[in-house]
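Input: a single structure, listed below in structure tokens.
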Amino acid sequence: MESRSAMRAGGRSGQVHSGLITLAEAGERVAGLVAPVAEVHELPLTAADGHVLAHDVAAPRALPPFAHSAVDGYAVRFVDLTAGAETTLPVLGRSAAGDTPATLGRGAWRIFTGAPTPEGADTVVMQEDVTLRGEDVVLPAGIRRGAHLRLAGEDVARGQVALPAGRRLRPQDLGLLAALGLQRVAVRRRPRVALFSTGNELTEPGQSLGPSAIYDANRAMLRALLARAGAETADLGILRDEPAELERHLPEAAGACDLIITSGGVSVGEADHVKDAVAACGSLDLWRIAIKPGKPLAIGTVAGTPFIGLPGNPVAVFVGFCFVARALIARLAGEAFAPPVALPVTLGFSHGKKPGRREFLRVSLEQREDGSVVARRHPGEGAGSLASLAQSDGLVMLAEDVERVEEGGTAPFLPYPGLIG
């Protein structure tokens with residue numbers, strides 16, 4: 001596929017770097033691994049939500065297309081108002097939304113929200129601020145020129161780039177395109193991602209469990225994360241920890257997809273065969289990132305297709321996806337992706353850590369009686385605690401050089417909606 005030609009392994013085939021690298025360094029390397037998918041197709045606006053714009057969208061017309069009133073009131077010419085005093089003007093006509101524009105001489109024009117302002121009018125006075133006296137209207141002093149008037153093109157000028165290429169379309173973006181009169185939009189094809197879990201202990205949900213088996217939770221979580229990231233998923237199920245099986249299925253997945261993602265089998269155990277299988281089919285790089293949880297994370301190629309090997313522990317899977325895989329998928333999709341912005345939050349706990357690794361703590365937000373918000377740490381600290389993800393609101397991020405934070409201090413907070421899209 002088109003993304004493979006741009007794939008760079010970042011090291012010699014099969015080579016694994018043993019030293020830790022920072023999350024920032026991992027992000028820089030990931031950004032250069034792939035090129036966006038080349039296929040572009042048009043979709044109706046009704047089907048375009050979540051897709052990535054292939055080209056800039058220039059406004060075919062001004063928005064608003066004509067000057068109109070922002071309120072119910074009276075349109076006037078500013079020159080007809082008496083400076084510093086009330087002004088009494090005759091009411092010359094009436095316009096509602098959808099009416100043909102009129103022409104205004106000296107006087108006032110009854111106008112409703114959305115109605116085109118009469119030619120010559122440059123100011124609108126709210127109906128709450130005026131007094132009616134028979135056929136006249138009394139306007140207060142101190143009216144500002146141009147008040148309550150929406151000018152043609154003040155939102156988007158004709159020919160202006162309304163939405164840039166790389167924008168992942170949101171409901172409000174589709175509203176803007178519809179307001180410009182567009183029915184269809186050119187978007188990139190969504191990346192196709194091959195997904196499977198590895199592990200002899202894994203069982204599909206709904207099947208009976210053996211005495212030492214567990215249900216595969218990672219694929220359910222990753223399918224949802226991939227969908228939120230705008231990817232199409234080819235779910236390949238569970239593969240056993242057998243090198244021959246891995247080496248057979250990995251190239252098959254590479255031939256049909258733009259990216260391969262696995263969970264499990266990338267640590268240093270004797271039964272962790274995914275790394276070796278990837279190296280045998282292509283190349284492997286960047287598998288020890290200085291983060292907690294999620295240090296063992298493999299990135300490489302299989303037959304020219306990019307590969308991401310996430311750890312087996314669910315929290316490490318979540319962190320690795322959000323902070324590494326998400327950026328690569330965005331690049332494949334042609335999305336102008338920016339990492340989520342962390343906001344400071346007051347801590348309701350103290351915590352010490354070793355320097356050198358970026359640590360992510362699962363927290364819930366609690367609003368106190370005075371209205372302030374404090375982050376409470378979830379008691380489930382292990383990388384295998386799915387409950388700690390499901391029962392928390394986001395992650396507190398502690399930088400590599402931080403050794404301790406105290407209750408009452410602040411730290412950067414990343415809410416889950418910003419991480420998962």
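The values are calculated or read from the model by the stated rules, or taken from the named source; none is laboratory data. Since the model is a prediction, treat every value here as computed from it, not as a measurement. Every residue, glycine as well, gets a Cβ built from its backbone with ideal geometry; the counts of neighbours run over all protein chains shown. Keep in mind that these areas ignore ligands, DNA and RNA; they rest on the heavy atoms of the full protein, side chains included. Shrake-Rupley method; radii C 1.70, N 1.55, O 1.52, S 1.80 Å.
What's the carbon and sulfur percent of the chain's accessible surface, probe 1.4 angstrom, rounded to a whole number?
51
Kindly work out what percent of the DSSP beta bridges joining two residues of the chain are antiparallel, to the nearest 5.
Percent antiparallel among DSSP bridges in the chain is about 65.
For the stretch 49-64, what does the Karplus curve 6.51 cos²θ - 1.76 cosθ + 1.60, with θ = phi - 60°, yield as ³J(HN,Hα) per residue in whole Hz, taken in order and with x for Gly and Pro?
4, x, 7, 9, 4, 7, 9, 4, 9, 8, 5, x, 8, 6, 9, x
Mind listing which trypsin sites (Lys or Arg not before Pro) in the stretch 161-263 are in a DSSP loop and have 16 or fewer other Cβ atoms within 10 Å?
Listed in order of number, the matching sites are 240.
Working with all protein chains in place, sort 403, 369, 335 by solvent-accessible area computed with a 1.4 Å probe, largest first.
Ranking 403, 369, 335 by accessible area, largest first, yields 369, 403, 335.
For a quick check, take a GNM of the chain with Cα springs below 10 Å and name the residue from 142, 409, 352 with the largest mean-square fluctuation.
142
Pick out, in residue order, every one of the trypsin sites (Lys or Arg not before Pro) in the stretch 299-378 that is DSSP loop and has at most 10 other C-beta atoms within 10 Å; say none if there are none.
Taking the stretch 299-378 and a limit of 10 other Cβ atoms within 10 Å, the loop trypsin sites (Lys or Arg not before Pro) found are 368.
Given the chain reduced to its alpha-carbon atoms as identical point scatterers, what log10 I(q)/I(0) does the Debye formula return at q = 0.07, 0.13 Å⁻¹?
So the normalised log intensities are -0.51, -1.06.
With a 1.4 Å probe and every protein chain left in place, work out the accessible area per residue of the chain in Å², rounded to a whole number.
On a per-residue basis, the chain sits at 46 Å².
Put +1 on the Cβ of every Lys and Arg and -1 on every Asp and Glu Cβ in the chain; which of 55, 171, 421 then has its Cα farthest towards the positive end of the dipole?
So the residue furthest toward the plus end is 55.
What is the distance in Å between the Cα centres of the stretch 132-192 and the stretch 48-90?
Going from one Cα centre to the other spans 9 Å.
Please get the size of the charge dipole for the stretch 69-212, origin at its Cα centre, with Cβ charges of +1 on Lys and Arg and -1 on Asp and Glu, quoted in debye to the nearest 20.
840
Where both partners of a DSSP beta bridge lie in the stretch 179-310, what percent of those bridges are antiparallel, to the nearest 5?
35
Nearest 20 debye, what's the magnitude of the dipole of the stretch 267-421 about its Cα centre given +1 on Lys and Arg Cβ and -1 on Asp and Glu Cβ?
My answer is approximately 200 debye.
Using only the Cα atoms of the stretch 280-336, build the gyration tensor, take square roots of its eigenvalues as a ≥ b ≥ c, and label the shape rounded, prolate or oblate: rounded if a/c is under 1.5, else prolate if a/b is larger than b/c, else oblate.
Judged from the Cα gyration tensor, the stretch 280-336 comes out oblate (a/c at least 1.5, b/c at or above a/b).
Please give every one of the aspartates and glutamates within straight-line cross-link reach of residue 292, meaning a C-alpha to C-alpha distance under 20 Å, and leave out same-chain neighbours fewer than 8 residues apart.
25, 28, 272, 359, 381, 393, 400, 401, 403, 406
Using only DSSP helix segments of four residues or longer, with each worth -39500 (n - 2.57), what per-residue ellipticity at 222 nm results for the chain after dividing by its residue count and rounding to 500?
Taking each H run of at least 4 residues, the total per residue is -5000 deg cm²/dmol.
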